[in-house]
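See below for the structure under consideration.
The values are calculated or read from the model by the stated rules, or taken from the named source; none is laboratory data. Since this is a predicted model, take the numbers as computed values, not measurements. Quick reminder, even Gly has a Cβ in these numbers, built from the backbone with ideal geometry, and neighbours come from all protein chains shown.
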Amino acid sequence: MVNYNRCPYAKKCGSCSFQGVPYEQQLATKQKEIKKLLGNYGKVSPIIGMENPYHYRNKVHAVFGRLRNGTIVSGVYEAKTHKIVDIENCQIEDEISSKIIRDIHGLLRSFKIKTYDEDTGYGLLRHVLVRRGFTSGEVMVVLVLGSPILPSKNNFVKALRKLHPEISTVVINVNDKKTSMVLGERNIMVYGKGFIEDTLCGCTFRISPSSFYQINPVQTEVLYGKAMEFAGLSGKERVVDAYSGIGTIGIVAAKQAKEVICVELNPDAVRDARTNAKRNEIKNISFYQKDAGEFLVQMARQGEKVDVVFMDPPRSGSDEAFLSSVVTMAPKKVVYISCNPETQARDLKYLVKRGYEVKKIQGVDMFPWTGHVETVCLLSKKAQ
């Protein structure tokens with residue numbers, strides 16, 4: 001039985017817009033929204049929800065600061081402000097990760113570690129990021145500091161690991177700029193190997209501090225399973241995985257395709273992707289560190305052909321250069337995964353006008369209690 005008790009931080013935090021709403025009702029609302037945005041293109045299958053829609057976030061981020069009276073606080077920014085909501089326990093975050101953040105909070109005073117002040121630029125600890133492998137149980141703690149020097153760092157890590165022996169690696173991320181970005185560009189390994197591994201869809205993936213990895217592993221398997229089902233790979237296809245991240249979709253697809261070409265802009269993610277391919281003994285795959293739109297434009301100009309394109313763009317969707325290149329290359333199938341059905345609807349309109357038809361639409365509830373939903377669509381090239 002799902003407990004619908006309203007989170008005590010709901011009003012200030014603002015992340016979970018469905019607080020207090022029964023889960024079945026949340027799913028019905030999201031299904032209605034998908035139908036409204038995408039229903040003109042084809043039949044929308046019933047949304048796939050979670051059996052247990054709590055504590056699913058395997059990536060937990062807390063911002064650290066200090067109140068005027070000197071009290072250290074950690075949590076999230078209040079909606080539309082930079083005031084920190086001090087959160088003790090979050091209903092959607094991984095419980096072990098949340099406890100690690102609370103215990104880091106508790107260690108700061110004894111180690112005389114000052115929290116960062118956004119207004120003055122003084123202080124050291126800005127954020128803490130914890131990522132936990134759902135299958136592996138490996139835990140990575142990233143301490144985001146305003147300087148590369150953490151006083152008594154070895155003793156601090158020792159004290160933290162005494163409380164949490166499950167921690168596999170600790171990394172210092174240096175963010176010394178006045179910016180709203182959480183992570184800086186430099187990582188310093190303090191303990192362990194500097195990354196964790198996890199298993200998804202039968203493949204093992206390496207996750208670094210800045211790598212993109214879906215935050216809900218249970219529903220990610222559902223989502224990627226649907227994407228593979230829609231692609232219907234037979235082992236003969238040449239496939240492009242655009243916006244490929246650490247290679248999750250591409251590596252899973254490579255087991256069922258002839259060749260997979262992955263393109264991703266983030267250099268850390270590409271590095272992890274290459275390692276992941278070797279780790280999983282996948283040899284029919286290649287990785288390119290380039291903008292997906294520019295890469296596909298180049299492929300189209302060279303007259304290259306592919307059978308299937310997987311695309312999983314950011315919330316802003318794809319640009320016209322990318323979409324026009326897809327049209328030029330004319331793959332038989334396009335499997336479009338989206339975390340924003342609104343921009344997906346815009347992109348579908350472009351593709352449908354240029355010779356594609358939407359065959360299947362499936363919503364997957366990756367983010368219970370929030371207003372976000374993930375969708376996957378299958379488009380097929382119309383017969384000439």
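Worth a mention:
- Residue count for the range 112-127 under the criterion of being more than 14 Å from Thr71 (Cβ to Cβ), in contact with a Leu (Cβ under 9 Å, 6 or more places away or on another chain) and assigned to a loop (DSSP other than H, G, I, E, B): the result is 3.
- Matching residues in the range 42-81 - criterion: being part of a strand (DSSP E or B) and of a type outside the set (A, V, I, L, M): Ser45, Pro46, Arg57, Lys59, His61, Phe64, Gly65, Arg66, Ser74, Gly75, Tyr77
- Selection status of Val326, closer than 29 Å to Ala10 by Cα and buried (at least 22 other Cβ atoms within 10 Å of the Cβ): no
- Scan the range 289-308 for residues that are surrounded by fewer than 17 Cβ atoms within 10 Å (Cβ to Cβ) and in contact with a strand residue (DSSP E or B) (Cβ under 6 Å, 6 or more places away or on another chain) and the total you get is 1.
- Qualifying residue in the range 359-379 (condition: more than 27 Å from Gly202 (Cβ to Cβ), in contact (Cβ under 8 Å) with a residue 40 or more places away in the chain and either of a type outside the set (A, V, I, L, M, F, W, C) or part of a strand (DSSP E or B) (or both)): yes
Residue-by-condition table, conditions (1) over 20 Å from Pro313 (Cα atoms); (2) part of a loop (DSSP other than H, G, I, E, B); (3) hydroxyl-bearing (Ser, Thr, Tyr):
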residue: Leu233; (1), (2), (3): yes, yes, no
residue: Lys236; (1), (2), (3): yes, yes, no
residue: Val239; (1), (2), (3): no, no, no
residue: Gln256; (1), (2), (3): yes, yes, no
residue: Val263; (1), (2), (3): no, no, no
residue: Lys278; (1), (2), (3): yes, no, no
residue: Lys283; (1), (2), (3): yes, yes, no
residue: Phe287; (1), (2), (3): no, no, no
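- Against the conditions (1) in the same structural domain as Trp369 (by TED's automatic domain parsing); (2) over 16 Å from Asp365 (Cα atoms); (3) surrounded by 16 or more Cβ atoms within 10 Å (Cβ to Cβ), Cys7 satisfies every one except (1).
- Candidate set from the range 310-323 (those that are touching a helix residue (DSSP H, G or I) at 6+ places or on another chain (Cβ under 6 Å) and crowded, with 17+ Cβ neighbours inside 10 Å); member that is modelled with the highest pLDDT: Phe310
- Criterion violated by Tyr56 - all others in (1) closer than 28 Å to Thr343 by Cα; (2) among the hydroxyl-bearing types (Ser, Thr, Tyr); (3) more than 23 Å from the chain's Cα centre (by Cα) satisfied: (3)
- Qualifying residue in the range 266-281 (condition: farther than 19 Å from Ala253 by Cβ and in contact with a helix residue (DSSP H, G or I) (Cβ under 8 Å, 6 or more places away or on another chain)): no
- Residue match in the range 303-313 (condition: part of a loop (DSSP other than H, G, I, E, B), more than 18 Å from Pro46 (Cα to Cα) and within 26 Å of the chain's Cα centre (by Cα)): yes
- Residues that are of a type in the set (S, T, N, Q), over 30 Å from Pro8 (Cα atoms) and touching a Cys at 6+ places or on another chain (Cβ under 8 Å) do occur in the range 351-370.
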